[in-house]
Amino acid sequence: MMNDINGISEDIMELLLRGKKALDEKDWETASLLFSKAITVDDKCGDAYYGAWLANNHANSVKSMIKVFVDKYSNPSPVAVEYYRDHINEMVKEYQIPGYLTDEDIMIQYDFCSDSLFYSTAESCAVMKEQAMKEIAEEKLWVKAREYGTKELHDKVDYIIEEIERTLTERADEAEDDYIRCISEIVNAIGQKVLDADKVIIERSNEAIEERFLDYKKAVLEFKYARKKSDYDQLILTFKKCGEYKDSEEYIKKCIKKRKRAWIDSFLYIIGDNIDDHMDLIYFAIFLLALAFVISVKLLLRLIFGMTL
């Protein structure tokens, strides 16, 4: 790695040799400290800058240096497929039935869409290549190594940078083909799942429509015969579940109004629809009322006239 440069001091040479040994042993921290010390002693030592550049990137050869950057910038993050998002939103809008089939019920049928990913995209690989070259451009160590080193070191640095750029460019080009292939496979696979999920949603929506119709019909019938406050409370809940279906909201208002006079309806129900079954009770109540009236009149007269009746 190092070049035997005429005129280099023994102290610098010792630091460079110790630094090279640390690199070979992959003792990156020690190598970095030794090369940094060499730069402090001689700030125009190209080999010291080159060694520090390798150590800081945990590399100890041309091949490993290239591999460090290629590996670092060749693993784009997975990107979720969003092609069916608009379709799912339309399904939610068209088939949800509040109280019976909610938007959450529909969305859960398409959970597999959020798990469908592809990993090699031309766009992300190109971006990562740009990031790698930007990082290299901002690094001063290789610039100094190239500037102060021998022609051999100069060419070695150029080769590393050119190979990193070439390899990442090649990866990006390959990713473009992978992108087309992967996205096609995923879209086709998801497409069938989406169709299956659509069928489930439509079936459940039809069932919900039927259930809402039956609930409404039953509630309207029960409304006619409701008398107690608890009857109206239950009907209010049922009509609320029906939402804006037909005149459910009007029935809610009627139930609230009826609930306020539920005790009157209960009394009228007893003396109206079942009067024959309670005639004895009615006659007895009339007798008690008449007796109370007579006693009240006598007491009133006694108070007014002091009469003994």
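Worth a mention:
- Selection within segment 202-242 - surrounded by 15 or more Cβ atoms within 10 Å (Cβ to Cβ) and not in a helix (DSSP H, G or I): Ala226, Arg227
- Segment 103-146, residues that are at pLDDT 90 or above and outside any helix (DSSP H, G or I): Lys140
The values are calculated or read from the model by the stated rules, or taken from the named source; none is laboratory data. Remember, predicted model here, so these are calculated numbers, not experimental data. Because the Cβ atoms are built from the backbone with ideal geometry, glycine has one as well, and the counts that use them run over all protein chains shown.
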